[in-house]
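S.K.: Quick one: this structure, given as structure tokens, is what I'll be asking you about.
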Amino acid sequence: MAAGDTVSELDKTQALVVSLNTGQTDANGKAIIDHVTINGVSPAAQEQDKYDFAYELAGLTSKTVDAIDVRTATQLGPIN
């Protein structure tokens with residue numbers, strides 16, 4: 001295969017990235033944020049479920065949710 005050949009979507013995967021505020025600051029006064037990545041999230045999962053999961057995860061710690069990101073990766077092919 002080469003540039004210009006017909007491409008198709010082979011696989012789609014998602015990861016949920018939860019940014020957690022530690023409640024601490026660095027030497028410059030900037031909040032220290034921990035990032036937890038959960039791979040293998042089903043693309044069929046509802047956004048509300050992903051959101052709720054992030055807060056359930058934070059509830060297991062003393063940290064607070066700072067941000068929730070869903071990262072989608074799509075594998076393209078065929079590659080020969």
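The values are calculated or read from the model by the stated rules, or taken from the named source; none is laboratory data. Note that the coordinates shown come from a computational prediction; the quantities given were computed from them, not determined experimentally. Because the Cβ atoms are built from the backbone with ideal geometry, glycine has one as well, and the counts that use them run over all protein chains shown.
S.K.: Identify all residues within region 27-80 that are farther than 30 Å from Ala2 by Cα, loosely packed, with under 10 Cβ neighbours inside 10 Å and at pLDDT below 95; write none if there are none.
M.R.: Ala44
S.K.: Return only the number of the condition from (1) at pLDDT below 95; (2) not aromatic (Phe, Trp, Tyr); (3) not in a strand (DSSP E or B) that Thr13 does not satisfy.
M.R.: If we test Thr13 against (1) at pLDDT below 95; (2) not aromatic (Phe, Trp, Tyr); (3) not in a strand (DSSP E or B), just (3) comes out false.
S.K.: While we're on this one: Quick check on Ile38: is it without any contact (Cβ under 8 Å) to a residue 12 or more places away in the chain and part of a strand (DSSP E or B)?
M.R.: Numbers: without any contact (Cβ under 8 Å) to a residue 12 or more places away in the chain: no; part of a strand (DSSP E or B): yes.
Spelling it out, it is not the case that Ile38 is without any contact (Cβ under 8 Å) to a residue 12 or more places away in the chain and part of a strand (DSSP E or B).
S.K.: Quick one: how many residues across region 43-80 are under 13 Å from the mean Cα position of the chain (by Cα), in a helix (DSSP H, G or I) and hydrophobic (A, V, I, L, M, F, W, C)?
M.R.: Summing the residues that are under 13 Å from the mean Cα position of the chain (by Cα), in a helix (DSSP H, G or I) and hydrophobic (A, V, I, L, M, F, W, C) in region 43-80 gives 2.
S.K.: Consider Ser19 carefully, then state whether it is in a strand (DSSP E or B), free of Cβ contacts under 8 Å to residues at least 60 places away in the same chain and of a type in the set (S, T, N, Q). Reasoning before the result, please.
M.R.: Details: in a strand (DSSP E or B): yes; free of Cβ contacts under 8 Å to residues at least 60 places away in the same chain: yes; of a type in the set (S, T, N, Q): yes.
The answer is yes for Ser19.
S.K.: Would you tally the residues in region 10-26 being surrounded by 14 or more Cβ atoms within 10 Å (Cβ to Cβ) and closer than 30 Å to Pro78 by Cβ?
M.R.: Keep residues of region 10-26 that are surrounded by 14 or more Cβ atoms within 10 Å (Cβ to Cβ), which gives 13-22.
Applying the additional criterion that residues be closer than 30 Å to Pro78 by Cβ yields 13-17.
Of the residues in that region, 5 qualify.
S.K.: Cβ-Cβ distance below 7 Å, separation of 6 or more or different chains: which pairs start in region 53-74 with a residue that is polar (S, T, N, Q) and end on one that is assigned to a strand (DSSP E or B) and surrounded by 13 or more Cβ atoms within 10 Å (Cβ to Cβ)?
M.R.: Filtered contacts from region 53-74: Thr61/Leu20; Thr64/Leu20; Thr64/Asn21; Thr72/Gln14.
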